[in-house]
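Quick note: the coordinates plus some simple rules give every number you see, no bench work behind them. Please read all numbers here as calculations on a predicted model, not as lab measurements. Cβ atoms come from the backbone with ideal geometry, glycine included; neighbour counts cover every protein chain shown.
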Amino acid sequence: MTTGAGTTAGAGAHTHGHGHGPTHGHGLPAEFLAGFSEALADVSLSCRTLTRAERESRRALGEQAADAGIGLRELTAGHLAAARRAWATLPGVAGARDPGDLRRTGAAVLAALEAGVHALAEGHARAQRHAVRRAEAERRAFVDDLLYGRSDPGRIAEQAESFGLRLAERHVVVVAAPPPGGTYDERHPLLRRVERELAGRFGDHDALVAPKDGRLVCVAPTGQQPVLDAFVKLAGAEESGGRVAVSRPHSGAAGVVRSYEEALSALDLAERLALEARVLLAADLLVFPVLMRDRAAMSDLVQSVLGPLRDARGGAAPLLETISAYSAAGYVNAEAARRLDLSVRALSYRLERIAALTGFDPDDPLQRYTLETAALGARLLGWT
């Protein structure tokens, strides 16, 4: 599974065959017990606590064990077993003169054992955090290279294998935008929820989920459609407050870049056109890049058709809004009036003003299309 921040070191791995020295109980290599029995022996004589140097030595060994793939449970069990084996031969125990001496010695040894195990755990956890940060940094760098096409395609394909992606397949990219003012990052609850849900439902899948530039990105092969559907449902849920854009499928590393750009373009168009949909399909929005391909022609259309609306009382904006609402309502007056919070009579008056000022009648099928296209172009160009 590739949704996490990377595989952490020592997650329950066995140590047999790690290439370390002889083992002592629980399969723990002797090098990770270095100096432990000697320290306990000295503590049993003096009833002192572990020194700062001794604790730091345990921390360092904890880090080394994590880097070697030794789990904390195995590391701790090995030290407890070593303490149990050494107990009867500890000088302070063997030489105790009475039960009081034995109790004091035992308390000191147990306190030293507790401090030593605590230091081991601190070192092990520190190594785990470093491993996670390294994995996150590597994933961020890979995601940047993958989505922006900054690296050699062969190298990207090789790296992708380690993240569970086979770029020879066709992939879809889904981009989830946060609600206004929000941002998605490594610590956002939605990322953790998506990771848990996908892992729980699909186990070891081939989707890559990662935050990017404040958004959440999912890259998955077309054969993993249930994974894509689940991501869209989770990230586009009403309670998330954001919306998602789904690209068309494309092949190869360059195809992932193209898919990512399509999804971003769909989100941008939705914002500029004030679309209400929470889930946007790039395939449904292909007409808009076509309309904008000749920007000069679109600008000329907008100015020629809608320019006269600027002379209307209140400016062009209310009449532009009327054109868009009339189109969205399927040219049904009552529905358009409801959307605009107007009376049907007020809507009819606006439609008459549009026809009088522009020379294009919203109720004529061909002229209606010209008005609608010009209104879309006005939004795309930011024209009012």
* Asked: In percent, what relative contact order does the chain have, based on Cα pairs under 8 Å that are 6 or more apart in sequence?
  -> 14 percent
* To do: Can you tell me the 0 to 90 degree angle between the C-alpha axis of helix 153-162 and the longest principal axis of the chain, rounded to 10?
  => 50 degrees
* Going by how many other beta carbons lie within 10 Å of each one, how would you line up TYR326, TYR369, TYR184, fewest first? -> TYR369, TYR184, TYR326
* To do: Can you bin the range 155-285 into rounded, prolate or oblate? Criterion: square roots of the alpha carbon gyration tensor eigenvalues sorted a ≥ b ≥ c, rounded for a/c under 1.5, prolate for a/b above b/c, oblate for the rest.
  => oblate
* For the chain, set up a Gaussian network in which alpha carbons nearer than 10 Å are linked by springs, and say which option among ASP204, ASP284, ASP341 fluctuates the most. => ASP341
* To do: Mind telling me which of VAL232, VAL194, VAL290 comes out most flexible in a GNM of the chain, alpha-carbon contacts under 10 Å?
  => VAL290
* Structure fact -> On the formula 1/(1 + (r/R0)^6), with r taken between the Cβ atoms of TYR369 and LYS233 and R0 of 22 Å, the FRET efficiency rounded to 0.05 is 0.05
* Structure fact -> Taking Cα atoms only, helix 189-202 is inclined relative to the longest principal axis of the chain by an angle, in degrees rounded to 10, of 80 degrees
* the chain: angle of helix 317-328 to the longest principal axis, Cα-based, in degrees nearest 10 -> 80 degrees
* To do: May I ask for the longest run of the chain untouched by trypsin sites (Lys or Arg not before Pro) that are loop-located per DSSP and have at most 14 neighbouring C-beta atoms (other than their own) within 10 Å?
  => 188-312
* Could you pull out which residues in the range 239-257 have an amide N less than 19 Å from a spot 7 Å beyond the Cα of LEU286, following the Cα-Cβ vector? => 245-252, 255-257
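Listing LEU381, LEU40 from the residue with the fewest other Cβ atoms within 10 Å to the one with the most, what is the order?
So the ranking, lowest neighbour count to highest, is LEU381, LEU40.
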* To do: Just report the Cα centroid separation between the range 134-187 and the range 313-384, whole Å.
  => 43 Å
